[in-house]
1. Restricting to bridges with both residues inside chain B, how much of the DSSP beta-bridge set is antiparallel, in percent to the nearest 5?
2. How large is the Kirkwood hydrodynamic radius of the stretch A:7-60, in angstrom, based on all distinct alpha carbon pairs?
3. Starting with the highest mean, order B:20-32, B:278-290 by the number of other Cβ atoms within 10 Å, averaged over the residues of each peptide.
4. Sort B:55-66, B:439-450 by packing, meaning the average of other beta carbons within 10 Å per residue, with the highest value first.
5. Can you give the convex hull volume per residue for the Cα atoms of chain B, as a whole number of Å³?
6. Using 7 Å Cα-to-Cβ label points, what is the residue A:100/residue B:436 separation (nm, one decimal)?
7. State, as an integer percentage, the relative contact order of the stretch A:3-100 based on alpha-carbon contacts under 8 Å between residues 6 or more apart.
8. Give the average, rounded to an integer, of partner chain Cβ atoms located within 10 angstrom of each Cβ in A:154-163.
């Protein structure tokens, strides 16, 4: 999608990555490229606003503030004044204080943590990529409301290009339980021990 | 490094591959810059090296994205890019993109790569150079009638294969004339679904051959040498486990004949750098006696391969450094008559998998990693692993390669057994027990095996 802005031609638009550190939001580069026009200290930024441009192999990508992020820039990219600063994936574009503007941060991480706190969960024994169904067009292994039993396959975990079946069961889990929520998305990367299913005892 | 070389070289790969490329750079006085994913950002092999973070752990958003890789090489001010093996190493788009952006791709020209990447053009080229092919159709088949005609002329069983195929898809076997129509149409339909190209060609199905390959090296000025063959018959699901050189069963006449044709073929396509021609050693015409078998061309890998140290150990050459030199425009430093292939070399690939549990991947932290004794340079280990290294779940499971050289095959097997027994890998399961079982087996020691089963290991 090509757009024009202030006489500049952008081949595409990408949201900056965002990471929360000590209550501040760090905007980071989504891919390698030459960064230009990163926001300066004191600027107010809101969701969807331009927060720099990234030159990738001679074409320009417009970087925008991701959804749910707003605030005042309290720290800037250390080389902001360079015309073209090479950045790698995850390099800092700007640091935002969300409390410095009314209506600061909205929802970000934490939703799944809340759902799992204190409740019964099934954790994956393997780290890798999570799939909830045997093939892209098949029915999922488990749906919310299903009752699952020990030994039943509940997920596929792709490890080193190999698909491994992961089955329900383990220390501290009842032989049967009802699925309350699936805590990860299809294709998410998970670590061994991550909570995958929120459960309720029967 | 003499004048006219690279100062900074971008390493578009990870792990053991990146470590090997960097070692050659160090020797040549080139500064390597690693493109790394988030999962590898703090791996021990990147310590003290310049790196550019490409993206998250998932390869599609890091090592497999040519835009990210070339942009990273450009902003790191590299004048060359080495793709290693795997990932984008056989992607002509990456080679072309490098060329467009003023970066020398350390590999063959994009057009040679594209030519050998297509099935029937590659076979035609090989046939014209005098290599023997697997009998079959002349190129793609127009319709069922042409398929029947070709199958009858070749003799059953036959295998229909997708022209744009790979990974075993778009392939169907016909064992009788009545099965041809079904096999042809099924292969074509599957090829359309998987690759968007329904063109199909046919080959005789040769069961129970051995896998033998020839290493070649070429400069820009038409000079080509071979560095001997490698026998990679010990495989599991087309993944090589053990490679050795020389092949213990190949006849001297067949070897010399194929070396000469492989060199002609490499010259004719204008190849530059290191490459490998893969052959099926077929003994179906000699009652299973491989010493009377024929080497039939399968494909050319337009890159350096995982198992290149086998040829390095046997020839004393540094293929990685030579490849970088010739791609920088230098002439080959050696001629064929000065390459001496000495003794017998064996390589075992050690993977983080549990061979006793269906080769289940075993990622995680390697708590202790101790290398075997080098035995005066006759034992070599290529690895990116050190104690405390965490094997990430995103990539393949190779943790190291152990390569040994000795005067005879028997002595090489003995040396390999000693090396594997003295190695320590704690924290993850490895395929070392499988290798020891193979090396100890009668089938392996007396050469009674082919690619269908692992010698000395239950199927």
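1. Numbers: 61 of 76 bridges.
Of the beta bridges lying entirely in chain B, close to 80 percent run antiparallel.
2. On the way: mean 1/r = 0.0804 Å⁻¹.
12.4 Å is the Kirkwood radius here.
3. For the peptides B:20-32, B:278-290, the packing ranking is B:20-32, B:278-290.
4. B:55-66, B:439-450
5. Values: hull volume 66.6 nm³, N = 459.
Value for chain B: 145 Å³ per residue.
6. Label at residue A:100, label at residue B:436, 6.2 nm between them.
7. On the way: 247 pairs, mean separation 34.3, N = 98.
It rounds to 35 percent for the stretch A:3-100.
8. On the way: counts 0, 0, 0, 2, 3, 11, 15, 7, 8, 0.
Partner-chain Cβ atoms within 10 Å, mean over residues of A:154-163: 5.
Read-outs throughout are calculated quantities, based only on the coordinates presented, and are distinct from any laboratory measurement. This structure is a prediction, so every number in the text was calculated from the model and none was measured. Methodologically, a virtual Cβ is constructed for each residue, glycine included, from the backbone with ideal geometry; neighbour enumeration extends over all protein chains shown.
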